[in-house]
Amino acid sequence: MTPRAKATPGRLVVVSNRVALPRQTTPGGLASALQAALLERGGLWFGWSGKLAAATGAEVHHQRSGNVEYATIDLSRADQEGYYTGFANGTLWPMLHYRPDLVNYQRSHLDGYLRVNAIFADQLKRLIRRDDIIWVHDYHLIPLASMLRERGVRNRIGFFLHTPLPAAGLLIALPNHRQLLETLASCNLVGVHTARDLRALEDYFLHESGASMRTGGRMRMPDGRLFRAARFPISIDTAAIVRAAQDAESQPESRRLQASLEDRALIIGVDRLDYAKGLPQRFEAYARLLERAPELHRKVIFMQIAPPSRGAVQEYRQIRRELERTAGHINGKYATPDWVPIRYINKSFPHRSLAGYYRSARVALVTPLRDGMNLVAKEYVACQRRRDPGVLILSRFAGAAQELTEALLVNPADAEEVADALERALKMPLRQRQSRWAAMMETLEANDITNWRTSFLDVLRHEPPRRDAA
Ligand code: GDG
């Protein structure tokens, strides 16, 4: 290892596409983790307000709560279309989730993406102090660090990618991939969820970009930029979720759900409505189960919660229609006057209700085709009763599968395999459920969300600052 640089005492600056403003609707686990990090030493959270205006970034809106400042900018309609809907969600998201067939690439969208990143850099530069450390999040903001460097910012910059990173062989299909991905070398630290993502990143830089691996684990670009890449598997606020699930038992929502089940086993799925989450394949696997196990009819209920997301992207509207059709078809075929096999719900619920629903479910079906991590899998495990835990069926292609190895791991595209796992889960003896659950719970207690953010920031704080502005 090279000697660690002296840690910086400065503020934390978080940059993400969207900002969780104070007093906004219940923030998710990630938002609370970032809030906690900001509160620790004081800080700034910068991003898009979610609103539209005549011009992008014409004005910066400021809010303060205690020692944390929030600064947001609006986007023009054209920039929302190019940067957010077009390039981030229409090009990068499918590519990063191994779906080149769904990539919709337009040069004008890339231009919008680069323009918005440049405006972020312009506005952010004015707000940064010398000792601040900067933590940039996700695929919307890949070139931001290099744009800050171009503007003379020498602060420590970390970047965390919340999606998977596919192998170099696939990444090179992205138009202008080098122009985009090599900007990451302007960070001091690039974080990904899993060993597989890290291998892909290193492989790309070592074999496509001509970087070399230095002793101490940093990569050196041909132009001299040095950066570290490492794995930081994100997690949940395990203790808080355990408490929420215990409290939820007495809540009316949970009681109503339980009463409606009438002793039938509940299989639960909770996912943003997104093609990466493997929902049509999941419905198909459940249909396969009903087809081959008539003895389970009227004994199981599959409840899929799928709040709509990114409705402006055509593929998202398409998948919504497809799922409505499939759910209707399965219910039409198998329902009886007193039993409907699928409860398909297109809306979101408060976290506290979800905790109660997870706890009521004998099985969780978490079968994304690809997922950076998948926090639902972890939340489900944390919500179980120690004495009578449910079973997690988890896609091998979710980052979480690399940690939660005691789940029933499946290939989500293989309906037979998923149906087998469902049968096995529904019949699993208590002892086996308990031992699998205990092992997974140990993992979640050892690595929770606090651990994730502190380990990333600790490594970043000890990286040497840039001497030049490259
Ligand atoms: C991205 C990456 C990575 C879901 N429905 C409701 C609701 N949720 C909450 C869940 C969970 C979160 O949203 C979803 O997180 P996931 O990790 O499952 O998936 P993405 O949204 O795709 O997140 C993913 C993550 O970033 C973090 O790095 O793990 O791979 O794709 O916390 O509980 N929350 C509320 N109502 C709902 O109906 N309140």
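The values are calculated or read from the model by the stated rules, or taken from the named source; none is laboratory data. Predicted, not measured: the structure shown is a model, and the values here were computed from it. With ideal geometry, Cβ positions are generated from the backbone for all residues, glycine too; neighbour counts draw on all protein chains shown. What goes into the accessible areas is simple: the full protein's heavy atoms, side chains included, and nothing from ligands, DNA or RNA. Shrake-Rupley method; radii C 1.70, N 1.55, O 1.52, S 1.80 Å.
For A421, the conditions (1) within 16 Å of the ligand (Cβ to nearest atom); (2) surrounded by 21 or more Cβ atoms within 10 Å (Cβ to Cβ) are fulfilled apart from (1). Cβ separations smaller than 7 Å between residues 6+ apart or across chains give the following pairs from segment 221-246 residues that are closer than 30 Å to Y357 by Cβ and hydrophobic (A, V, I, L, M, F, W, C) to residues that are assigned to a helix (DSSP H, G or I) and open to solvent by 20 Å² or more (accessible area, probe 1.4 Å): F232/S455; I236/G29; I236/L375; I236/E379; I241/E379; A244/H351; A244/R352; A245/R359. Counting only helices (runs of 4 or more DSSP H) wholly contained in segment 325-439, the ones carrying 3 or more residues that are over 21 Å from I305 (Cβ atoms) occupy 415-427. With respect to the conditions (1) open to solvent by 40 Å² or more (accessible area, probe 1.4 Å); (2) not assigned by TED's automatic domain parsing to the domain that holds A382, E249 lacks only one, and its number is (2). Would you check which residues across segment 67-107 are among the hydrophobic types (A, V, I, L, M, F, W, C) and either open to solvent by less than 50 Å² (accessible area, probe 1.4 Å) or not in a helix (DSSP H, G or I) (or both) and list them? Matches in segment 67-107: V68, A71, I73, L75, F87, A88, L92, W93, M95, L96, L102, V103.
Only residues that are modelled with pLDDT of 95 or more, touching a helix residue (DSSP H, G or I) at 6+ places or on another chain (Cβ under 6 Å) and basic (K, R) were counted in segment 332-369, giving 1.
Quick check on this structure: which one of R282, R272, R264 is at pLDDT 95 or above and open to solvent by 10 Å² or more (accessible area, probe 1.4 Å)?
Sole residue among the options that is at pLDDT 95 or above and open to solvent by 10 Å² or more (accessible area, probe 1.4 Å): R264.
When only residues in segment 310-368 that are more than 11 Å from the ligand (Cβ to nearest atom) and either among the aromatic types (F, W, Y) or not assigned by TED's automatic domain parsing to the domain that holds V300 (or both) count, which is farthest from R243 (Cα to Cα)? The residue in question is Y334.
Looking at segment 411-430, is at least one residue within 23 Å of R352 (Cα to Cα), in contact (Cβ under 8 Å) with a residue 24 or more places away in the chain and under 24 Å from the mean Cα position of the chain (by Cα)? So far as segment 411-430 goes, no, none of its residues is within 23 Å of R352 (Cα to Cα), in contact (Cβ under 8 Å) with a residue 24 or more places away in the chain and under 24 Å from the mean Cα position of the chain (by Cα).
Within segment 273-309, take every residue that is in contact with a strand residue (DSSP E or B) (Cβ under 8 Å, 6 or more places away or on another chain) and of a type in the set (K, R) and give me the one that is nearest to the ligand (Cβ to nearest atom). Once the filter is applied, the top-ranked residue is K277. Before we move on, is A439 over 30 Å from D132 (Cβ atoms), open to solvent by less than 40 Å² (accessible area, probe 1.4 Å) and out of contact with any strand residue (DSSP E or B) (no Cβ under 8 Å at 6 or more places or on another chain)? It is true that A439 is over 30 Å from D132 (Cβ atoms), open to solvent by less than 40 Å² (accessible area, probe 1.4 Å) and out of contact with any strand residue (DSSP E or B) (no Cβ under 8 Å at 6 or more places or on another chain). Within segment 288-310, the residues that satisfy the criterion of being open to solvent by 20 Å² or more (accessible area, probe 1.4 Å), at pLDDT 95 or above and at negative phi are R288, E291, R292, P294, E295, L296, H297, K299.
Report the residue count in segment 24-49 for those that are within 16 Å of the ligand (Cβ to nearest atom) and either surrounded by 15 or more Cβ atoms within 10 Å (Cβ to Cβ) or not in a helix (DSSP H, G or I) (or both).
Of the residues in segment 24-49, 14 are within 16 Å of the ligand (Cβ to nearest atom) and either surrounded by 15 or more Cβ atoms within 10 Å (Cβ to Cβ) or not in a helix (DSSP H, G or I) (or both).
If you go through segment 127-154 and keep only what is in contact (Cβ under 8 Å) with a residue 60 or more places away in the chain, out of contact with any His (no Cβ under 6 Å at 6 or more places or on another chain) and closer than 18 Å to Y83 by Cα, you end up with V136, H137, H140, L141, L144. Looking only at segment 409-460, residues that are among the aliphatic types (A, V, I, L, M) and over 17 Å from V300 (Cβ atoms) come to 14 in all.
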